[in-house]
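The values are calculated or read from the model by the stated rules, or taken from the named source; none is laboratory data. What you see is a predicted model, and the numbers here were worked out from it, not measured in a lab. Cβ sites come from the backbone with ideal geometry, for glycine too, and all protein chains shown count toward neighbours.
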Amino acid sequence: MKAIKALAVLFVLVGAPSAVEAKRPAPLTEEDRTIVQVYEAPGFTKDQLFTASRMWIAQNFKSADAVIEYENKDEGTIIGNGNMAYPCGGAFACMLKADWRVPFTMKVETKDGRIRLTFTNIHLAWPASFNSGIRTNAHDGPVNQRGDLDKIRPELLKLGDQIVASVGQLKADDNW
């Protein structure tokens, strides 16, 4: 009987780490960290959408020339690197993550009446800090937590809405 109890205890001890690991969420893949969205912009040509996208990048990022890695008007493609504040949400979380940044790569593809945005290389970055005697090293690496990605995704998708809105503004500015 003692042997059976000992065997049961051994089974629990050996099996317990496996059970804990089974509950741990799978790490995010690069595919998980890729966000693609198509935005409708009826009545606008590929060239108008390309020009408006480039202007939006110039107005909303520090320097369009420093941000844009590739552009081809004939293809209707712009690829650039962006950076935004981490969307922390909540006073306590924002206090802890106020200096977190989200670097990303954004690809804008235009065709008549549509813009497709693809976000890749989504990272989390923060500087080294020293608070209450605790040192935290600087970090810049891929987003690894589903919760972080779920906070970042809607903020990135808002950029597409802003680009589409800027197309209408560009057309309105033509009538001055």
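Quick notes
- Of the strands (runs of 3 or more DSSP E) lying entirely inside the stretch 102-153, the ones with 1 or more residues being within 22 Å of F61 (Cβ to Cβ) and within 9 Å of the chain's Cα centre (by Cα) are found at 114-120, 123-126.
- Scope the stretch 97-115; condition more than 30 Å from K46 (Cα to Cα) and either surrounded by fewer than 17 Cβ atoms within 10 Å (Cβ to Cβ) or free of Cβ contacts under 8 Å to residues at least 24 places away in the same chain (or both); matching residues: A98, D99, R101
- Tabulated pairs, the stretch 48-65, first more than 11 Å from I115 (Cβ to Cβ), second assigned to a helix (DSSP H, G or I) and at pLDDT 90 or above, C-beta under 6 angstrom, 6+ apart or interchain: A64/I57
- Restricting the stretch 16-47 to residues that are over 26 Å from the mean Cα position of the chain (by Cα) and surrounded by 10 or more Cβ atoms within 10 Å (Cβ to Cβ), the residue that is modelled with the lowest pLDDT: A16
- Any hit, the stretch 146-169, residues being touching a helix residue (DSSP H, G or I) at 6+ places or on another chain (Cβ under 8 Å), touching a residue at least 60 places away in the same chain (Cβ under 8 Å) and over 18 Å from M55 (Cα atoms): no
- Evaluation of G147 against (1) modelled with pLDDT of 90 or more; (2) loosely packed, with under 12 Cβ neighbours inside 10 Å; (3) over 16 Å from I35 (Cα atoms) (one fails), failing number: (3)
- Enumeration of residues in the stretch 49-89 that are assigned to a loop (DSSP other than H, G, I, E, B) and crowded, with 17+ Cβ neighbours inside 10 Å: F61, G76, Y86, P87
- Residue within the stretch 116-132 that is among the hydroxyl-bearing types (S, T, Y), surrounded by 13 or more Cβ atoms within 10 Å (Cβ to Cβ), without any contact (Cβ under 8 Å) to a residue 60 or more places away in the chain and within 26 Å of G147 (Cβ to Cβ) present: no
- Of the residues C94, C88, the single one that is in contact with a Cys (Cβ under 6 Å, 6 or more places away or on another chain), touching a residue at least 24 places away in the same chain (Cβ under 8 Å) and of a type outside the set (A, V, I, L, M) is C88.
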